[in-house]
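Taking it in order: structure first as structure tokens, then the write-up.
Nothing in this text is a laboratory measurement; each read-out follows from the coordinates by a stated rule. None of these values were measured; they are calculated from a predicted model. All Cβ positions, even for glycine, are placed from backbone atoms using ideal geometry, and neighbour counts span all protein chains on display.
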Amino acid sequence: MRILQITAGAGGMYCGSCLRDNTLAAATLARGHDVALLPVYTPTRTDEPNVSDEHVFLGGISVYLEQHIPFLRTTPAILDWIWDRPAVIRLATGRGVTVEPRHLGALTVSTLRGEEGNQAKELRKLMGYLEAQPPFDVVVIPMSMLLGLAPSLKRTLGRPICCTLQGDDLFLDGLGEPWRSECLALIRQHAPAVDAFIATSGYYADFMAGYLGIARERIHHVPLGINFEGYQASPRAPREVPVVGYFARIAPEKGLHQLAEAYRILRQERGLPMARLEAAGYLAPEHRGYLGGIEANLVAWGLASEFRYHGAPDRTGKITFLKDVDVFCVPSPYAEPKGLYLLEAMASGAPVVAPRHGAFPEILEKTGGGVLFEPNDAASLADRLLELLRDPKRAAEIGQRGAAGVRRHYSADAMAAQQIAVYESVLRAADINSEAEGGPGGPEGPPGLKSEREFISRE
């Protein structure tokens with residue numbers, strides 16, 4: 001099967017969607033399929049070997065200039081060559097660019113207008129490139145905010161289109177009005193061009209059906225998967241100074257401020273002896289003040305010496321960080337559709353404490369790797385943390401159960417197998433894949449396709 005998988009870069013930021021897309025593409029390649037992982041906006045940043053294409057379309061610089069300088073919308077594409085180069089885009093975004101939705105409303109609406117938007121020239125560049133490539137069997141759009149591509153892709157390639165849903169509501173709700181309503185109207189307008197939507201959790205499939213006004217049966221659930229290379233789930237020995245760990249973007253929607261407040265409660269109201277609060281993850285320029293406010297609170301509470309921010313480590317640093325955590329928590333006031341960091345923490349053997357909303361309950365139900373607290377309730381969070389910190393034996397048992405459970409249910413290979421099964425279903429429904437309907441390999445299709453179905457049936 002030949003797959004065009006589009007992925008949206010986020011400048012120099014480690015982005016959960018980029019990480020997931022790259023892991024999926026690598027695992028799909030490992031299963032013998034041909035995947036072209038094509039970045040838009042910026043090159044992607046991953047902490048694993050990057051399997052994306054060297055080209056970048058809808059380059060962030062061109063998209064921005066065409067939004068604000070009308071005459072550039074009609075100039076020859078050759079004039080954009082300099083700022084469309086990946087190296088130039090990296091240089092422009094290397095110190096971090098804002099991805100705050102409130103600054104991107106008009107641009108998002110314009111992109112969703114597709115051929116009628118200010119970035120129509122960028123679509124022509126992309127379609128011209130794709131027309132010259134060997135035929136694809138299926139096309140994957142990484143988010144609903146890029147559905148302005150769908151009509152052009154459908155007309156140019158004549159192939160089924162899938163669209164991943166993996167946190168779209170957080171961005172759309174952050175746009176404010178009138179941008180949010182305009183974007184939702186355009187997404188619903190383009191939705192009929194999509195053959196299947198794919199959500200990263202059962203929760204999000206249900207939620208987005210109502211949010212976007214899409215029939216629930218059109219949304220498939222393909223759970224996340226991670227690459228376990230380098231992770232070791234050795235039992236944690238009790239230590240005199242336990243560590244509460246946080247690893248995610250440093251941003252309000254991830255909730256480090258809530259974890260800091262829960263830590264204050266633990267130390268000053270629940271009688272927890274000396275401990276450590278360790279945090280790591282990407283810090284965008286616009287959120288430096290947010291982290292500064294948390295640090296100021298810790299100073300005021302007399303707890304500054306017990307906190308450390310480790311920056312944004314690479315994959316090796318991440319695995320080392322998680323190995324040294326006794327209890328892991330990202331409080332996430334936002335109802336997360338993914339929770340990639342939860343899987344990574346459990347893969348390292350850390351017991352987790354997670355809010356009772358979003359994808360977290362289903363993840364912990366499958367893995368048994370943690371406990372839930374009431375969302376946006378620092379006291380409830382403190383109580384669940386204390387239960388594990390005061391009972392190292394139970395915490396270790398939960399950590400080992402989670403390590404086994406995450407390997408059983410959330411591997412990259414399992415994610416790829418289930419995603420491929422969705423591709424097969426849309427190909428059959430569109431009646432465009434002659435192999436799946438009795439070409440080489442007989443009625444069951446070629447051996448590769450049959451093996452995917454057998455894998456799913458075993459799961």
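Considering helices alone, the calculated mean residue ellipticity of the chain at 222 nm is -13500 deg cm²/dmol, with DSSP H runs of length four and up weighted by -39500 (n - 2.57) and normalised per residue.
Enter the angle in degrees (range 0 to 90, nearest 10) between the Cα long axis of helix 378-389 and the first principal axis of the Cα atoms of the chain, meaning the one along which they spread out most. Here the helix axis deviates by roughly 70 degrees. Helix 16-30 and the longest principal axis of the Cα set of the chain meet at an angle near 60°. Couplings 3J(HN,Hα) for the stretch 39-47, derived from phi with the Karplus relation 6.51 cos²θ - 1.76 cosθ + 1.60 (θ = phi - 60°), are x, 10, 6, 9, x, 8, 10, 10, 9 Hz, where x marks Gly and Pro.
Given +1 at the Cβ of Lys and Arg, -1 at the Cβ of Asp and Glu and no other charges, the dipole of the chain around its Cα centre is 560 debye to the nearest 20. When the Debye formula is applied to the Cα atoms of the chain, each taken as the same point scatterer, what base-10 log of I(q)/I(0) results at q = 0.06, 0.09, 0.11 Å⁻¹? One equal scatterer on each Cα of the chain leads to -0.27, -0.61, -0.90.
Using the per-residue mean of other Cβ atoms lying within 10 Å as a proxy for protection, in what order, highest first, do the peptides 322-329, 154-161, 261-268 fall? Numbers along the way, then the final one.
Working: 322-329: 23.8, 154-161: 18.0, 261-268: 20.5.
Descending packing order for the listed peptides: 322-329, 261-268, 154-161.
Residues whose amide H falls under 5 Å from that of Ile3, counting only those 5 or more places apart or on a different chain, are Asp34, Val35, Ala36, Asp137, with hydrogens built in the peptide plane. Look at Ser411, Ser62 and count the other Cβ atoms within 10 Å of each Cβ; fewest to most, that gives Ser411, Ser62. Sequence-ordered 3J(HN,Hα) estimates for the stretch 104-118 from the Karplus curve with 6.51, -1.76 and 1.60 and θ = phi - 60° stand at 10, x, 4, 5, 5, 4, 4, 5, 5, 6, x, 5, 9, x, 5 Hz, glycine and proline given as x.
Along the stretch 220-237 the Karplus relation, 6.51 cos²θ - 1.76 cosθ + 1.60 evaluated at θ = phi - 60°, assigns HN-Hα couplings of 8, 9, 10, x, 4, x, 10, 8, 8, 4, x, 7, 10, 9, 5, x, 8, 7 Hz to successive residues, with x for each Gly and Pro.
At a temperature of 4 °C and a viscosity of 1.567 mPa s, determine how fast the stretch 119-268 diffuses translationally according to Stokes-Einstein, using the Kirkwood radius over alpha-carbon pairs as Rh; express D in µm²/s, rounded to the nearest whole number.
On the way: Rh = 18.9 Å.
The calculation lands on 69 µm²/s.
Rounded, prolate or oblate: which fits the stretch 212-281 when a ≥ b ≥ c are the square roots of the eigenvalues of the alpha-carbon gyration tensor, with rounded for a/c under 1.5 and prolate only if a/b beats b/c? Here the stretch 212-281 falls in the oblate category. Think of each Lys and Arg Cβ as +1 and each Asp and Glu Cβ as -1; about the Cα centre, that makes the dipole of the stretch 111-180 roughly 320 debye. Using the Cβ-Cβ distance between Glu131 and Glu240 with R0 set to 41 Å, the FRET efficiency works out to roughly 0.05.
Could you tell me whether the stretch 2-221 comes out rounded, prolate or oblate from its Cα gyration tensor? Rule is a ≥ b ≥ c as square roots of the eigenvalues, rounded for a/c under 1.5, then prolate if a/b exceeds b/c, otherwise oblate.
Numbers: a/c = 1.31, a/b = 1.11, b/c = 1.18.
Taking the square roots of the gyration eigenvalues as a ≥ b ≥ c, the stretch 2-221 is rounded.
Once the Cα atoms are used to define both axes, helix 120-131 deviates from the longest principal axis of the chain by about 80 degrees. Remark on the stretch 113-193: ratio of C-alpha radius of gyration to 2.2 N^0.38 Å is 1.14. Using a 4.7 Å Cβ-Cβ cutoff, the cysteines of the chain lacking any partner cysteine are Cys162, Cys163, Cys183, Cys329.
Assign unit charges at the C-beta atoms only (+1 for Lys and Arg, -1 for Asp and Glu), then state the dipole size of the stretch 177-276 relative to its Cα centre in Debye, rounded to the nearest 20. Before the final figure, lay out the partial values.
On the way: 12 positive and 10 negative charges, 88 e Å.
The dipole of the stretch 177-276 has a size of about 420 debye.
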